[in-house]
Structure formats: C-alpha cells, structure tokens
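Single-structure report; data block below.
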Amino acid sequence: MKLGRLNHIGVATPSIADNIKPLPFRGGVGVGSIDLAQGCGTPPPAPPLKGRGEG
Amino acid sequence: MKLGRLNHIGVATPSIADSIVFYRDVMGATKIHEPFDLPSQGVKVCFVDTPGADGALNGTQIELIEPLPGNTSIAGFLEKNPAGGQHHMCYEVPDIHAAKAEFEAMGKRVLGEPRIGAHGTLIFFVHPKDMGGVLTEIMETPKGAH
C-alpha cells in the first residue's frame, strides 16, 4: 500500500447548521452569506420606516 | 477571514519512532522527514508528506508530535489517549497578525502570542471550545511555498 491523498477530515458536530451559519449581513455585493433558512445572501428584513408624524 | 490551505494534521504519539514505522510500513508513506526537537513548544515533531491533488508529495502533512520531558499539554493529551491520536488541525494564512486580530474580533480565544512553529513561520493556536471542538493552529504561509 502507498499513502494516498488525504481526502478529508471528519469532524463530528451536534449541528452542521451552526457550523455553517451565516455571518451578519453587512450589505454590499458579496458580503452576504449562505443562509439555510432564507437562501443565499438574503439580507435580514429592513427595519420599518417611520411615516410622517411618527417618531 | 478566508479559509486557507490545510497545512497539516497534528497527531500526538507516545513514540515518534514507532509512528514512523507505522506510517512507513502500514500506510505506505514514502516521504518521512527527519524528526527534530522544538524546545520552545516542548515537543519533538516529525512530518509525513502525503500527495496533493496532482499526485506530488505536496498535500496536507501529518505532524507527529511527541512530548519532550516537562511538556504538559501533549503529555496530558496522551494521558487521556495513551495510544495517541488526532490533536489539532493547522490552516495557513497570508498574514498571521491580521488573522489573530480577526479571530479576536470574533471573540475567539487565541492561545498566546504568535511564535515560531515547526515550519519556521509564525503560528498561534485557537481554543477548541471556540472552534467547534477542534484545537486549531493558524500558521503564516512559508515564503515561496505553493
């Protein structure tokens, strides 16, 4: 036998989702993240805009 | 932070000499480097080369680690795992100080200041509890490598 390529390292985890969870959305092209729940690069919902006479 | 090349897997062993025999005779390793002491880390190390994607011996290395007298961390690991076992994973980065700052900004516990590692470049470790249970070594890519 001849030592072959080290193909991969198995890493046990209680949650794969936690290991690939998205980074905080910071805006801008390519700065988003893979969000398993919302799809690729989906930003979080924007805060509600305040209408006239509010705030 | 961008994931860099997986430079090596650290494997703790009670005997590098015995591990060399294993990797040579059982696993068929064809390139096993000369073991050497790394007193600053309290260990003796020996690198075993594995093939990369192109078949040349430029893939992820296996770093055999044996404690030198007085070493506590690897000796402690071997107390729990007398036969030895996987100890850490090491990724390369282009700039060690920038990487340290990024890990710290993310709240990861960096273990000590960057210091010279077994490849002669600066390294640091990140606490396994902050790294999904994996003791993680970060090393600056050797100049002229790859």
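Every read-out reported here was derived from the displayed coordinates using simple, explicitly stated rules and does not represent laboratory data. Please read these numbers as outputs of a predicted model, since none were measured by experiment. No Cβ is skipped: glycine too gets one built from the backbone with ideal geometry, and neighbour counts run over all protein chains shown.
Here is a check on your reading of the model: is residue B:58 over 24 Å from residue B:130 (Cβ atoms), under 17 Å from the mean Cα position of the chain (by Cα) and of a type outside the set (A, V, I, L, M)? When the stated conditions are applied, residue B:58 passes them. The lone criterion from (1) surrounded by 19 or more Cβ atoms within 10 Å (Cβ to Cβ); (2) under 23 Å from residue B:15 (Cβ atoms); (3) away from chain A (no Cβ under 14 Å); (4) among the aliphatic types (A, V, I, L, M) left unmet by residue B:122 is number (2). The condition (being touching a residue at least 12 places away in the same chain (Cβ under 8 Å), within 13 Å of another protein chain (Cβ to nearest Cβ) and surrounded by 15 or more Cβ atoms within 10 Å (Cβ to Cβ)) is satisfied by just one residue among B:96, B:74, B:62: B:62.
If you go through region B:125-142 and pick out every residue that is part of a loop (DSSP other than H, G, I, E, B), farther than 19 Å from residue B:98 by Cα and in contact (Cβ under 8 Å) with a residue 12 or more places away in the chain, you end up with 2.
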